[in-house]
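What follows is one structure encoded as structure tokens, with my remarks underneath.
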Amino acid sequence: MLVLQLLPVSLSLLVLGAHFYRTGNLLLVAPLPILLALLFVRKPWAARILQGALLIGAVEWVRTLVILADYRAGVGLPYVRLVVILAAVALVCLLSSLVFRSRRVRRWYRIGQPSAADGQAERGPAES
């Protein structure tokens, strides 16, 4: 079912939005409703934007993991649980980008399918 396949994508985006909101970075919170709306745009470019956002999100989670673990280790606080949790969140965000490789999701976003404009360009005006 398509909704279940796209659920990790939407949850990853929502958690990323909560992370940016918590850090006070409202400039990065603002595009998240637009990204969530792109889940309903049945175009290949929408899927690629979502994939890119998820990959950037995974990098942000790793960056946050390094900063927080370094701080906690530096002041002598336990940090292993933090590393495990943030690494899992980063992994889920990264794996969510792979959802767009499934057949059903590729069909939904029309990835790899020729558009009507492509068909016109290939045939030319004389064959129409």
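The values are calculated or read from the model by the stated rules, or taken from the named source; none is laboratory data. Predicted model only: the values in this text are computed from it and were never measured. Please note: Cβ atoms are built from the backbone with ideal geometry, for glycine as well, and neighbour counts cover all protein chains shown.
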Within the stretch 11-51, residues in contact with a helix residue (DSSP H, G or I) (Cβ under 7 Å, 6 or more places away or on another chain) and among the small types (Gly, Ala, Ser) come out as Ser12, Gly17, Ala46, Ala47
Heads up, the helices (runs of 4 or more DSSP H) in the stretch 1-89 (entirely inside) with at least 3 residues that are touching a residue at least 40 places away in the same chain (Cβ under 8 Å), out of contact with any His (no Cβ under 9 Å at 6 or more places or on another chain) and more than 17 Å from Val105 (Cα to Cα) are 2-22
message = of a type in the set (Lys, Arg) and out of contact with any helix residue (DSSP H, G or I) (no Cβ under 9 Å at 6 or more places or on another chain): is that true of Arg72 in this structure?
response = no
Across (1) modelled with pLDDT of 85 or more; (2) touching a helix residue (DSSP H, G or I) at 6+ places or on another chain (Cβ under 8 Å), Arg107 clears everything bar (2)
